[in-house]
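The block underneath contains the structure these notes are about, expressed in C-alpha cells.
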Amino acid sequence: MESAAILLATPVTRTDGFRLLVREVHLPTEGDYAYRTATRVRLTPKFAMPLERRAKDKGWSVIYCHSHPSQLQPAFSSVDDNAEQQIGAYLSYRSPGVPHISLLIGSGGIDARVMATGEKIRVVDVGEEIKFACNTGEATLLEEQHNRQVLAFGEEGQQRLHRLRVGIVGLGGTGSALVYQLARLGIDSYILVDWDVIDETNLNRVYGATCADVGQTKISVAERVIREVRPNPNISLICADVIMRNVGRRLVDADIIFCCTDSHASRDQLNRIAYKYMIPVFDMGVVIEKSDGSPLFYGAQASMIGSGLPCLWCMERLNAKRIMYELMSPEQRQADPYFANSNSVKQPAVISLTSTAASLAVTMALAAITGIPHKGRYVYYYGAGATMKPTKVQPNANCPFCSSSVVGNGDYGDPLHEVDHES
Amino acid sequence: MSSDKTKENDSHPNPFFFFVGEKINVNQTVLTGAQIKDAVRNAGKTIDPTHSLILEGHGDEADRSIGDGDQVDLTHGHEEKGPKHFHCRPNADFGFQLASGSTLEKHFTRLIGRYPNATIQENPIQANQGGLTYSVHIPEIDLPAGWNKSKTSVWFIVPAGYPSSTPDCFWSEDLRTIGGVEPKNSNTGTIHPLAPAGSRWYSWHVKAWSPITGDLLSYVSTIRDRLGRVE
C-alpha cells in the first residue's frame, strides 16, 4: 500500500533560493485517507486543509509526501505530475512566495522536487549523522588524487564531500589547518569568514602563511591554500567578524560550518545558527594553561552541535559575562570599570595542538557525512595524560537555544547577533 | 440568503453590490455587515477577519465603516445615487514589539505575570553601539524596614545578545538607610539611559548566569536580594 504524510517547513532564504527546515511531521491515520491502494493514495481534505491553513498563517512551506513502495529508486509518475500541477497551483495561491514540495519515498531511496517548477531539491537528514537522502542527480567525477581516501569511505562518501558547501569561521591556527585538510579531501565550495590579518605571532601556526603575508587578511591566505590544490573552487570571502551586521545570516548558504574562533560571542552566534537554521556546526578549540607551581595543562577538543545534539550552553562551554563584554562597542568596554579586569590576554598557541583540534573536527565531520564509525560527537584530547576520550552530555530540555521548540525556527525567535564592531 | 433583519420591501429585483470592483449578487436588499462579508466569501473572495468592512461614499460622502451588526440598504434607485461599493481595510496596528518568539519576549511575558506594571523599551541609540539593548522598569518594589522609603522604582538593562549575555547591575531611586547612609557599592553618578537623573546605580552581579536557568524574573530576584540587605 502507498502511504502519505504532510510536513510543514520553515522557509529560509539563501542566495541560491530557499532552505526548508522541517518543523512538523503530520502522519495520517487510516481514516485520513480518502483512498489507499498499492498504486494510489489520496488524503482527505479534512486532514490536509487545516495543515494547509496552518502553513498559510505561519508563512511555511507544505511538503506533500507519498511512497512508491514498489520502486527501489522512486520516480515521479504521470499521476504524480498531474496531482502536483493542481495542488501546487492551489498551494501557491494559498501560501504565495514560498516553495511547496513533493517528496517521494521508495523502498531504497528518496526523490523530491518543487511542485511549481519541477526543480529537483536535495533532502538532508540532519542529526548526529548528516544523511543526504536525495541528491540533484549531478554526477561528480572522482579524481585520481582521492583514490586512497575513497578506499576508506567509498565513492558515495567522496561524492558527498565534493558537493558540500563548507563555512569556516576563523582562519587562524585551527581554521588554516582545517582548510589545508578540506581542500585535500576534495571540497570545492567555501564561505570563509575572518576579519583579522596575519601578524608575526601567527606565523608559528597558520598554514600557508609566510613572512610576506604579514598584514594580509587571513582569508586571502586561506584562499591561496585552497587554490593550490583545487583548480576551480567556489570561494566566498567575508572579511568581517561573524557577529557583525548581516554576516552570520550569510552562513545559511553553507551545508556545514566549522567554528574555529575563540571569542565566546562568535561561538554563541554559530551555536544559534546550528539550531535555528539546522546547519551542523563543528566547534573546536585548544587549551594550554600554565599556572605557577602546576605542570602545563594542555589539550584539544572538537564537538558537533546541531539538531538532536546538545548545544554549547548545555555543554557549559560559553561564558555569559564574556559574551556581554564582547558584544559591547570598544567605547562601551573602555567605559566599563569591570572590563579591564576581564580583558583577555594573549593565550599560548602551538601548531601541533591547533592541528590536533582541526584533525579531530575534520574526522568527526567525515564520520557525520560519510558514515564511517565514530563514537560520540564530543571528543577531548588530554595532552599530558596522552588520552583521548569521547564525552557525553545530555541536552537540556529547557534550553532556549537547542530545545525542540526552537530547532528550525529560521528567522523567527532569538535574533542573531548584529553589531558594528569586532568581538 | 435569509435574514430576520430583512427590509419589508424585500422584492427589489436582483439586488447586488460591488466588492473591490466586482459585482456580487444577493437576494435581499438590506444586509448586515456580517451578511455582506458572507456574501463576499460565498463569491470566492477572501476577507481577513481582522479587517474592517468599508462602504464607499458616493461623491462627497465620507466612507463609512460597517460593523457586523450594522444594516446597509442595497437599493440603488435615483435617490440612492447608484449601487453600493465596499472594500475591506486593514487595521493600521503600529507599535513596539519584542522580536516575535524570542526568549526575551517569553521572559518579559513571565515578568509581567509577577510585576504587571513592568515595562520594557529600547534604549537610546547611544546605548546600543554594541547591539540592541533594552531597559526594564518596575515602578514599585517593596522595601524592608531600614530604608528611607517603603517602595522604590527599579531599572535594569537587558544587554545585547540576551539571554546569552548576562544582565548586570541595576538602578533604584536614590535610596538611603534611615540613618542617611548611602548603600554600599552604589553611586548616583553612573547614568541609566532612561531613569531620572539622580537614580542610584548598584554594582551588583549575577555569579554565574546561564540562559537555561536564568530569566528576567530570576534577575529581579537578585535585585530584591540586594535591596533586602539594608546596607
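Just counting partner chain Cβ atoms within 10 Å, what average do the residues of peptide B:208-221 show around their Cβ? Could you put the intermediate results ahead of the total?
Working: counts 4, 5, 7, 10, 12, 3, 2, 1, 0, 0, 0, 0, 0, 0.
Counting other chains' Cβ atoms within 10 Å and averaging over B:208-221 gives 3.
Place a +1 charge on the Cβ of each Lys and Arg in the protein assembly as shown and a -1 charge on the Cβ of each Asp and Glu, then give the dipole magnitude about the Cα centre in debye, rounded to the nearest 20. Numbers along the way, then the final one.
Working: 64 positive and 72 negative charges, 295 e Å.
For the protein assembly as shown, the charge dipole is close to 1420 debye.
To the nearest hundred square angstrom, how large is the accessible surface buried between B and A, total for both chains, probe 1.4 angstrom?
Working: alone 12980 and 20380 Å², together 31330 Å².
Buried surface at the B/A interface: approximately 2000 Å².
Rolling a 1.4 angstrom probe over the protein chains, ignoring ligands and nucleic acids, what is the accessible area of B:K106 in square angstrom, nearest 10?
100 Å²
Report the net charge of residues surrounding A:M244, where surrounding means a beta-carbon distance below 9 angstrom and charges are Lys +1, Arg +1, Asp -1, Glu -1.
Values: positive: A:R245; negative: A:D241, A:E418, A:D420, A:E422.
Charge balance near A:M244 sits at -3.
How high is the relative contact order of chain A, given as a whole-number percent (alpha carbon pairs under 8 Å, six or more residues apart)? Write out the running numbers ahead of the final one.
On the way: 855 pairs, mean separation 62.5, N = 423.
It rounds to 15 percent for chain A.
Along Cα→Cβ, 7 Å out, is where each label goes; now give me the distance between the ones at A:Q86 and A:K58 in nm to one decimal.
The answer from the label model is 2.7 nm.
Over all alpha-carbon pairs of the protein assembly as shown, lay out the pair-distance distribution in 20 Å bins, whole %, shortest bin first.
The percentages, shortest bin first, are 15, 38, 32, 14, 2, 0.
Nearest 10 degrees is fine. How inclined is helix B:103-114 to the longest principal axis of chain B, computing both from alpha carbons?
80 degrees
Quickly rank A:83-91, A:22-30, B:56-64, A:165-173 as a protection proxy: mean count of other C-beta atoms within 10 Å, highest first. Intermediate results must be reported in sequence, preceding the final value.
On the way: A:83-91: 16.8, A:22-30: 13.9, B:56-64: 10.1, A:165-173: 25.0.
With the highest mean Cβ count within 10 Å placed first, the list reads A:165-173, A:83-91, A:22-30, B:56-64.
Around A:I187, what is the net charge, scoring Lys/Arg as +1 and Asp/Glu as -1 over all other residues with Cβ under 11 Å from its Cβ? Mind showing how you got there, number by number?
Values: positive: A:R160, A:R163, A:R165, A:R184, A:R230; negative: A:D188, A:D255.
Every neighbour counted, the sum reads +3.
With each label point set 7 Å from Cα along the Cα-Cβ vector, what nm distance links A:A384 and B:N117?
So the two model labels end up 5.7 nm from each other.
I'd like the FRET efficiency for A:N234 and B:Q97, computed as 1/(1 + (r/R0)^6) with the beta carbon distance as r and R0 of 41 Å, rounded to 0.05.
E(calc), rounded to 0.05, equals 0.55.
Ignoring any ligand, DNA or RNA, what whole percent of the accessible area of chain A comes from carbon and sulfur when the probe is 1.4 angstrom? Before the final figure, lay out the partial values.
Values: 10070 of 19400 Å².
Taking all protein chains in place, chain A shows 52 percent carbon and sulfur surface.
Residues of the range A:408-423 losing 30 Å² or more of accessible area relative to the isolated chain, 1.4 Å probe, heavy atoms only?
A:Y412, A:G413, A:D414
Just to make sure I understand: if all protein chains stay in place, what is the order of B:C88, A:C399 by accessible area at 1.4 Å, largest first? Mind dumping the intermediate values first?
Working: B:C88 35, A:C399 0 Å².
The ordering from most to least exposed comes out as B:C88, A:C399.
Relative to the first principal axis of the alpha-carbon coordinates of chain B, what is the inclination of helix B:216-227, with its axis defined by its Cα atoms, in degrees from 0 to 90 and to the nearest 10?
Value to nearest ten degrees: 40.
Roughly how many Å² of A:E200 are accessible to a 1.4 Å probe, to the nearest 10?
Accessible area, nearest 10 Å²: 140 Å².
So for the protein assembly as shown: antiparallel DSSP bridges make up what percent, rounded to the nearest 5? Working shown, then result.
Values: 80 of 107 bridges.
Of all bridge pairs located within the protein assembly as shown, approximately 75 percent are antiparallel.
If you take the beta carbon distance between B:A62 and B:A197 as r and set R0 to 60 Å, what does 1/(1 + (r/R0)^6) give as a FRET efficiency, to the nearest 0.05?
Details: r = 48 Å, r/R0 = 0.81.
Between B:A62 and B:A197 the formula returns 0.80.
When a/c reaches 1.5 or more, the comparison of a/b and b/c decides; with that in mind, is the range A:1-121 rounded, prolate or oblate per its Cα gyration tensor?
Numbers: a/c = 1.74, a/b = 1.26, b/c = 1.37.
Oblate shape, in that a/c is at least 1.5 and b/c is the bigger or equal ratio.
Taking each residue in A:324-331, count the Cβ atoms of any other chain within 10 Å of its Cβ, then average. What number comes out? Provide the component values of the computation, followed by the final result.
Numbers: counts 11, 5, 4, 11, 8, 6, 2, 3.
The shielding value for this peptide is 6.
Over chain B, what relative contact order in percent results from Cα pairs under 8 Å that are six or more residues apart?
Values: 374 pairs, mean separation 28.6, N = 231.
Here the relative contact order equals 12 percent.
Looking at the range A:33-97, what % of the alpha carbon pairs are farther apart than 17 Å?
Numbers: 993 of 2080 pairs.
Cα-Cα pairs of the range A:33-97 separated by over 17 Å account for 48 percent.
Around A:N82, what is the net charge, scoring Lys/Arg as +1 and Asp/Glu as -1 over all other residues with Cβ under 13 Å from its Cβ?
On the way: positive: A:R40, A:R42; negative: A:D80, A:D81, A:E84.
Residues close to A:N82 contribute a combined charge of -1.
The values are calculated or read from the model by the stated rules, or taken from the named source; none is laboratory data. Computed from a prediction, not measured in an experiment: that's the story for all the values here. Cβ atoms come from the backbone with ideal geometry, glycine included; neighbour counts cover every protein chain shown. Surface areas here come from the heavy atoms of the whole protein model, side chains and all, with no ligands, DNA or RNA. Shrake-Rupley method; radii C 1.70, N 1.55, O 1.52, S 1.80 Å.
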